[in-house]
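Okay, structure first, notes after.
The values are calculated or read from the model by the stated rules, or taken from the named source; none is laboratory data. Model, not experiment: these values are computed from the prediction. Please note: Cβ atoms are built from the backbone with ideal geometry, for glycine as well, and neighbour counts cover all protein chains shown.
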Amino acid sequence: MTAVKHDVFQAIADPTRREVLGLLANKELAISEITSHFPISRTAIAKHLHILSEANLVSGKKVGREKIYQLHPEPLTEVKQWLSYYEQFWNNKLSILKHIVEKDD
């Protein structure tokens, strides 16, 4: 049975995983350092890191007895492209609102 790979959208759907990404955006961190930021177990954080790793958003390397994780933001480009497509709708709605507001003046 093959392991299910997680896509970027599934990986960032969870607020804890988004917060982990935020921590790793600043610097590489050991799993113990990541865990210290959350009220959940090391095992739970390891599961979140596994999902992020399957989505290629993070990677871990053994350094001594610890595993150090680093961010790989490149897959987030897919999210950015998806969001930018929908920006045109927001921009259009804001233009219409601006027109309505200015027309009433």
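Annotations for the structure displayed:
- Among residues of the range 68-88, those that are crowded, with 17+ Cβ neighbours inside 10 Å and more than 16 Å from Gly22 (Cα to Cα), counted: 0
- Thr35 vs. criteria modelled with pLDDT of 95 or more and surrounded by fewer than 10 Cβ atoms within 10 Å (Cβ to Cβ): no
- The range 52-66 residues that are surrounded by 14 or more Cβ atoms within 10 Å (Cβ to Cβ), paired with ones that are part of a helix (DSSP H, G or I) and of a type in the set (Ser, Thr, Tyr) (beta carbon under 8 Å, 6 or more apart): Ser59/Ser53; Gly60/Ser53; Glu66/Ser32
- Residue check, Ala46 touching a helix residue (DSSP H, G or I) at 6+ places or on another chain (Cβ under 9 Å) and in the same structural domain as Lys5 (by TED's automatic domain parsing): yes
- When Ala25 is tested against (1) within 11 Å of the chain's Cα centre (by Cα); (2) surrounded by 12 or more Cβ atoms within 10 Å (Cβ to Cβ), exactly one condition is not met: (2).
- Taken over the range 67-97, the criterion of being touching a residue at least 24 places away in the same chain (Cβ under 8 Å) and acidic (Asp, Glu) is satisfied by Glu78 alone.
- Condition met for Leu52 (closer than 25 Å to Pro15 by Cα, among the aliphatic types (A, V, I, L, M), out of contact with any Leu (no Cβ under 6 Å at 6 or more places or on another chain) and not assigned by TED's automatic domain parsing to the domain that holds Val8): no
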